[in-house]
Amino acid sequence: MKKIILLLLLLIIPLNTNAISASSYIVMDTDNNRVLEGSNIHKKSLIASTTKIMTAMVVINNASLNKQITIGNEVLKSYGSGIYIEIGEKLSVEELLYGLLLRSGNDAAITLAYNIGGSMDGFAILMNELASSLNMKSTSFINSSGLEDGDKANISTVYDMGLLSSYAIKNEIFKKIVGTKSLTVKTNYKTYIWHNKNKLLSSYKYCTGGKTGFTEKARRTLVTTASKNNINLTVVTFNDGNDFQDHHDLYEKYFKLLKPYQILFKGKIETIYPNTYIENDYWMNLSNKESNKIELSINYYEKNISNLIGYVEVKLDGEVYHKENIYQKEIPVKESFWEKLKRKLALLW
C-alpha cells in the first residue's frame with residue numbers, strides 16, 4: 001500500500017529535473033550586475049583556474065598585446081595544465097593570453113605574471129587592486145594560475161566572480177579571446193593547435209565565452225557568459241559536477257523569462273523645473289511581473305549656475321540599478337521692440 005501511495009505522489013508531484021548541483025551558484029545580468037538567482041552567493045571558496053579571468057584582465061590593462069616575450073626560467077615552476085612552452089621560446093602577450101584562456105595554461109599564467117608584474121607577488125598586487133576597484137569584497141589573490149599553495153590559495157565568491165565576469169566580457173579583447181573555439185599559433189620552436197576547454201562555447205549557440213577550472217580541493221568551477229536578444233547574462237558555479245548542463249539550463253530559463261524594457265527615454269523629462277531633459281535611453285531586462293515594479297525617483301541638487309539640476313534613479317525592489325543626470329535647457333530671454341531698438345542705438349554710439 002505504501003509503495004502505491006509513493007508512486008501516486010511521484011506522478012502528481014514531478015521531480016525537479018533541473019536542480020542545480022553546485023555548492024554555490026549565481027545568475028547575473030552583466031549589464032547592471034543584477035542578481036537574478038543564486039545560492040550561497042557570498043560563500044568564500046577556492047576558485048581554481050577561473051582565476052585566469054582576472055589574470056587576463058590585469059594583463060590586458062597593463063601590457064601591449066604585440067609585446068614579444070622570451071620564455072624564462074620561471075616557467076619551470078609550472079605544473080598541472082599547460083601549453084608546454086619552453087625556455088627560450090618567443091610568444092607575444094596576445095598568444096600567451098590565448099594559451100591562458102583557451103587551454104588554461106599555468107605556464108602561460110606564470111610567464112605573464114613575471115613579465116607584467118615583475119614577480120608573482122607583484123602581479124598579485126595588481127590582481128587585488130583590480131578586484132578592489134570592482135567591489136569584489138570577498139576576494140583575495142596570491143597567484144595568477146589558481147593553483148593552491150598549501151593552505152594559501154585564491155579565494156572568492158560566485159557573486160564576486162560574477163562581477164568580474166560582467167566586467168571582463170565588456171572588454172573587446174577579452175571577449176574575442178574567450179569566444180575563440182580554436183587557434184593555431186606558430187613560434188620560433190613549434191606550432192600549437194589550441195582548442196577551447198569551454199565545451200559550452202561549442203554546444204550552446206548563445207554562449208559568448210567563459211573559463212573552466214578544476215583542482216582536487218576546489219573541484220569543478222566554471223564561469224560563462226551568454227547573450228540572446230540583447231539580454232546578456234553570466235553564470236558562475238562552484239563545486240558542480242554537472243556544470244555545463246547547469247549553465248545551459250539556467251541560461252534557457254532566463255532567456256525565456258526576461259525581455260528588454262525601455263525605462264528611460266532620451267530627451268524631455270518632467271521635473272519641478274521647465275525644459276529639463278536627459279541625454280540617454282536606459283533599458284533593463286525584466287520579467288513581466290518585474291516590469292510593473294520599476295520605480296523612478298528624481299533627486300534635485302541645490303540650484304547653481306550649472307544646467308545640471310539633479311538625477312533620476314531607476315529602482316527595483318528598493319535597489320538602485322541606474323542613475324541618469326537631468327539637465328535644464330537655457331531659456332532664451334525675449335526682447336521687446338523697444339529693448340532691441342535701444343540695444344542697436346547703443347551700438348551706433
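The values are calculated or read from the model by the stated rules, or taken from the named source; none is laboratory data. Remember, it's a predicted structure, so these values are computed and weren't measured experimentally. Please note: Cβ atoms are built from the backbone with ideal geometry, for glycine as well, and neighbour counts cover all protein chains shown.
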Checklist entry - Considering only residues of the stretch 120-152 that are crowded, with 19+ Cβ neighbours inside 10 Å and not aliphatic (A, V, I, L, M), which is farthest from Gly82 (Cα to Cα)? => result Thr139
Item to check | Residue list for the stretch 72-88, restricted to those being within 30 Å of Ser202 (Cα to Cα), surrounded by 19 or more Cβ atoms within 10 Å (Cβ to Cβ) and over 25 Å from the mean Cα position of the chain (by Cα) | outcome: Ser78, Ile83, Ile85
Checklist entry - In this structure, does Ser306 turn out to be out of contact with any helix residue (DSSP H, G or I) (no Cβ under 9 Å at 6 or more places or on another chain) and modelled with pLDDT under 95? => result yes
Checklist entry - Do we find that Leu91 is assigned by TED's automatic domain parsing to the domain that holds Thr237, in contact with a Phe, Trp or Tyr (Cβ under 6 Å, 6 or more places away or on another chain), more than 15 Å from Ala48 (Cα to Cα) and surrounded by 15 or more Cβ atoms within 10 Å (Cβ to Cβ) in this structure? => result no
Checklist entry - What pairs can you find where one residue is in the stretch 98-109 and crowded, with 24+ Cβ neighbours inside 10 Å, the other is among the basic types (Lys, Arg) and assigned to a helix (DSSP H, G or I), and their Cβ atoms are less than 8 Å apart, with a gap of 6+ or different chains? => result Leu100/Lys52; Leu101/Lys52; Ser104/Lys52; Ala109/Lys52
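How many of the residues making up the stretch 111-162 are in a loop (DSSP other than H, G, I, E, B) and either at positive phi or not charged (D, E, K, R) (or both)?
18
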Checklist entry - Restricting attention to the stretch 187-207, does a residue exist that is surrounded by fewer than 17 Cβ atoms within 10 Å (Cβ to Cβ), under 13 Å from the mean Cα position of the chain (by Cα) and either in the same structural domain as Gly82 (by TED's automatic domain parsing) or at pLDDT below 95 (or both)? => result no
Item to check | Odd one out for Ala108, checked against (1) more than 18 Å from Lys190 (Cβ to Cβ); (2) in a helix (DSSP H, G or I) | outcome: (1)
Checklist entry - How many residues are touching a Leu at 6+ places or on another chain (Cβ under 9 Å), touching a residue at least 24 places away in the same chain (Cβ under 8 Å) and of a type in the set (D, E, K, R) if we restrict to the stretch 256-312? => result 3
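So that you can scan it fast, the table gives a plain yes or no per residue for (1) assigned to a strand (DSSP E or B); (2) surrounded by 12 or more Cβ atoms within 10 Å (Cβ to Cβ); (3) polar (S, T, N, Q):
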position: Ser227; (1), (2), (3): yes, yes, yes
position: Asp249; (1), (2), (3): no, yes, no
position: Lys253; (1), (2), (3): no, yes, no
position: Tyr273; (1), (2), (3): no, yes, no
position: Met284; (1), (2), (3): yes, yes, no
position: Asn299; (1), (2), (3): yes, no, yes
position: Lys303; (1), (2), (3): no, no, no
position: Val312; (1), (2), (3): yes, yes, no
position: Tyr327; (1), (2), (3): yes, yes, no
Checklist outcome for this item: Per the list (1) buried (at least 22 other Cβ atoms within 10 Å of the Cβ); (2) assigned to a loop (DSSP other than H, G, I, E, B), residue check on Lys170 breaks on (1)
Checklist entry - Checking Val235 against (1) in a loop (DSSP other than H, G, I, E, B); (2) more than 20 Å from Arg103 (Cβ to Cβ), which test does it fail? => result (1)
Next on the checklist: Just checking, does the stretch 46-60 include any residue being modelled with pLDDT of 95 or more, surrounded by fewer than 18 Cβ atoms within 10 Å (Cβ to Cβ) and assigned to a loop (DSSP other than H, G, I, E, B)?
Outcome noted: no
